[in-house]
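First the structure, in the form of structure tokens, and then the observations on it.
The values are calculated or read from the model by the stated rules, or taken from the named source; none is laboratory data. Keep in mind that what you see is a predicted model, and the values were worked out from it rather than measured. A quick note on method: Cβ atoms are made from the backbone with ideal geometry, for glycine too, and the neighbour counts reach across all protein chains shown.
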Amino acid sequence: MANVLANIFGSSPVRPLEKHVNIAYRCARELNRFFAAVVREDWDTVAKIRNKIADLEHEADNLKKKIRLRLPKSLFMPVPRQDLLELLLVQDKMANRTKDVSGLVFGRKMKIPAEIADDFLEFVARNVDAAKQARKSVRELNELFTSGFRGAEVTLVESLIEELDQIETDTDDRQADLRSALFEIEGELEPVDVIFLYRVIELTGEIADMAERVGRRLELLLSH
Amino acid sequence: MEAEIVYVVLAALFGVFMAWGIGANDVANAMATSVGSKALTIRQAILVAAVFEFLGAVLAGGEVTSTIRKGIVDTDLLSGSPELLIYGMLASLLSAGTWLLIASRRGWPVSTTHTIVGAIVGFAAIGIGIDAVQWGQVGTIVMSWVVSPLTAGFIAFLIYNSVQRLILSQDDPLAQAKRYVPVYIFLAAFTIVLVTIVKGLKHVGLDIGLTNSYMLAIGIAAAIAIVGAIAIQRIKPDRKAEKKAHFHTVERVFAVLMVVTACSMAFAHGSNDVANAIGPLAAVISVARSGIVGAQSPLPIWVLVLGGTGIVVGLATFGKHVIATVGRKITQLTPSRGFAAELAAATTIVIASGTGIPVSTTHTLVGAVLGVGLARGIEAIDLRVVGRIFVSWVVTIPAGAFLSIIFFLIFKSILP
């Protein structure tokens, strides 16, 4: 038997969105161990982590589809549906970039030159930090909905997003440094490898870019 | 004489069956908000519902019962043939029961109130004559079906907005909640107690005057608010749970408030909906007893007690399962939101009960929930369901009317 009161509540996208960003972060987080194994040239571990990343990305993708399906136009929500869908999209892209970069490195069995290895691992870690901060910000969604997008909660989220921006700026700086460090030694490396190393740096940096865009999307929600 | 006993027994059977159905289905809407927000356990909800539905029915159910009983049909026209009123009321009860059974099987969101009013209007207009219906009164009732959800929505909007401004958006929401929630408790208790005293006590034979009523209401509400404030002071923040959800402890403070609004809601529901079951029964009894229509006989209190008991039995047999199911589905309605909806709906319904207007409890509550939603309090509301409610609203009245006409004609031909 259907009940009016029970059915009047559409399925809330808030918890699923928080769950989704968590999966996306867990996916990105694997990059730390992934690249550590790449530097060690421990290809068995690399393959294992690569599979795990693919699984998590797949999981995020499925949840994304599920959330979309459960968000029909007839839902009445405090924030525009479109903004929530776009937030979901950029969250998902954090996982996508992770999968892309791990796929590229694993597929070409790429080696990170010893000269830049430490800096590169730190660069990866900062990108993962950005994803983590994005997760922290999105996890405030429920509180934002409860407080009606105003007051102390908004200030809190704004400060979280500011912190996220700082992390992203840091990854940008590190990315530039890494590029010039690579430029210094590129003559000693195989040209094709060099091209793909630049590509790996770029793709990894995009994880922080996507995390920052998660922040931008959240900010848009705050402004309603 | 024997025929009259048959009528009364039949009406009592149908009426108790209706009350049972209301207890089994409708009460869930009044109580599930509290269970869904975990302010009450199922067991506590059943207890609260049993006590306050019953109190509401007996203390404040009189006005609406008398509207159903003699406010819709112009009984003067029937003075020559009192048996027609008996057939009609029996037919109304039976058709309302049938329609509700069909509708709940199909999952249509129909209202008990709309069904029974449609049924009574139906048998009176077609079975007796267009003039037999007091159209002015019916117009008021139908208007109230639009007005009551709107009013409840408006009140809920204001209440939830104030909660957001005073508590949820502040730097220390917990301290603010501890300060303001007792005030909300006072307001909730005051409204319900006042309307009950002013409108309800007359039916149980007490009349204490308006000034005294206000004083008494303030006294009782203050006492309840103080008990609530003590309970609130004892709530200690749970740091671990708060890491996951900042408003965890704040919601626990609101849960105390929600116990009060849950009682109000059960009371309001009892005061309005019991009339749907026993209004027709009361009409049959009054005609069967005196043999004349429109006698100024007072409503026997045992009829209200019978209705209240029927609701409680329905609640105890099937209602608890429905409460559990609905409660599980409406977790979006946390105590801070649920209380706003419940308080707004209960206030609207109790005022309607005091004025003798049968409104739909569920629709009023839905209006209140939408009001909270408009205050940006609810994550997602499915507007398709709101649309479906509107459609069923339009369909129910003719359906109830049609069925009651058929039953009326059958009764007229087979009963003595």
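Numbers for the structure displayed
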item: Complete set of residues in the stretch A:1-58 that are of a type in the set (F, W, Y) and buried (at least 17 other Cβ atoms within 10 Å of the Cβ); result: A:F9, A:Y25, A:F34, A:F35
item: Lone unmet requirement of (1) more than 21 Å from the chain's Cα centre (by Cα); (2) farther than 23 Å from B:A96 by Cβ for B:L150; result: (1)
item: The stretch B:2-47 - residue that is surrounded by fewer than 23 Cβ atoms within 10 Å (Cβ to Cβ), β-branched (V, I, T) and in a helix (DSSP H, G or I) and, of those, nearest to the other protein chains (Cβ to nearest Cβ); result: B:I42
item: Candidates B:Y160, B:Y87, filtered to the one that is more than 29 Å from B:I378 (Cα to Cα), of a type in the set (S, T, Y) and touching a Lys or Arg at 6+ places or on another chain (Cβ under 8 Å); result: B:Y87
item: Selected residue (only one of B:G80, B:G107 is free of Cβ contacts under 8 Å to residues at least 12 places away in the same chain, over 26 Å from B:W145 (Cα atoms) and either of a type outside the set (S, T, Y) or surrounded by 22 or more Cβ atoms within 10 Å (Cβ to Cβ) (or both)); result: B:G80
item: Filtered residue count, the stretch B:314-337, keeping only those that are within 8 Å of chain A (Cβ to nearest Cβ) and under 19 Å from B:E53 (Cα atoms); result: 2
item: Filter result for the condition that a residue is crowded, with 21+ Cβ neighbours inside 10 Å, farther than 22 Å from A:E57 by Cα and in contact with a helix residue (DSSP H, G or I) (Cβ under 9 Å, 6 or more places away or on another chain), over A:T146, A:T98; result: A:T146
item: From the options A:S159, A:S137, A:S223, A:S147, residue that is among the hydroxyl-bearing types (S, T, Y), under 18 Å from A:L89 (Cα atoms) and either within 14 Å of chain B (Cβ to nearest Cβ) or touching a Gly at 6+ places or on another chain (Cβ under 9 Å) (or both); result: A:S137
item: Count - residues of the stretch B:240-281 that are polar (S, T, N, Q) and either touching a His at 6+ places or on another chain (Cβ under 9 Å) or more than 15 Å from B:G228 (Cα to Cα) (or both); result: 4
item: Boolean, B:G367 is under 19 Å from the mean Cα position of the chain (by Cα), in a helix (DSSP H, G or I), closer than 19 Å to B:A96 by Cβ and not aromatic (F, W, Y); result: no
item: Within the stretch B:366-384, tally of residues that are under 17 Å from B:W108 (Cβ atoms) and surrounded by 20 or more Cβ atoms within 10 Å (Cβ to Cβ); result: 1
item: Exclusive hit being more than 14 Å from every other protein chain (Cβ to nearest Cβ) and either within 30 Å of B:E2 (Cα to Cα) or free of Cβ contacts under 8 Å to residues at least 12 places away in the same chain (or both), set B:L343, B:L281; result: B:L281
item: B:T261 being more than 14 Å from chain A (Cβ to nearest Cβ), modelled with pLDDT of 85 or more and out of contact with any Asp or Glu (no Cβ under 7 Å at 6 or more places or on another chain); result: no
item: Those helices (runs of 4 or more DSSP H) lying entirely in the stretch A:1-94 with at least 1 residues more than 13 Å from chain B (Cβ to nearest Cβ); result: A:14-40, A:43-69
item: Residue within the stretch A:172-188 that is under 14 Å from the mean Cα position of the chain (by Cα) and closer than 18 Å to A:V90 by Cβ present; result: no
item: Pair list, Cβ < 8 Å and 6+ apart or interchain, from the stretch B:357-373 residues that are more than 7 Å from chain A (Cβ to nearest Cβ) to residues that are among the acidic types (D, E); result: B:T361/B:D26; B:T361/B:D273; B:A368/B:E342
item: Test: residue in the stretch B:86-108 that is part of a loop (DSSP other than H, G, I, E, B), within 19 Å of the chain's Cα centre (by Cα) and within 14 Å of another protein chain (Cβ to nearest Cβ); result: yes
item: Odd one out for A:F123, checked against (1) touching a strand residue (DSSP E or B) at 6+ places or on another chain (Cβ under 7 Å); (2) aromatic (F, W, Y); (3) within 29 Å of A:D177 (Cα to Cα); result: (1)
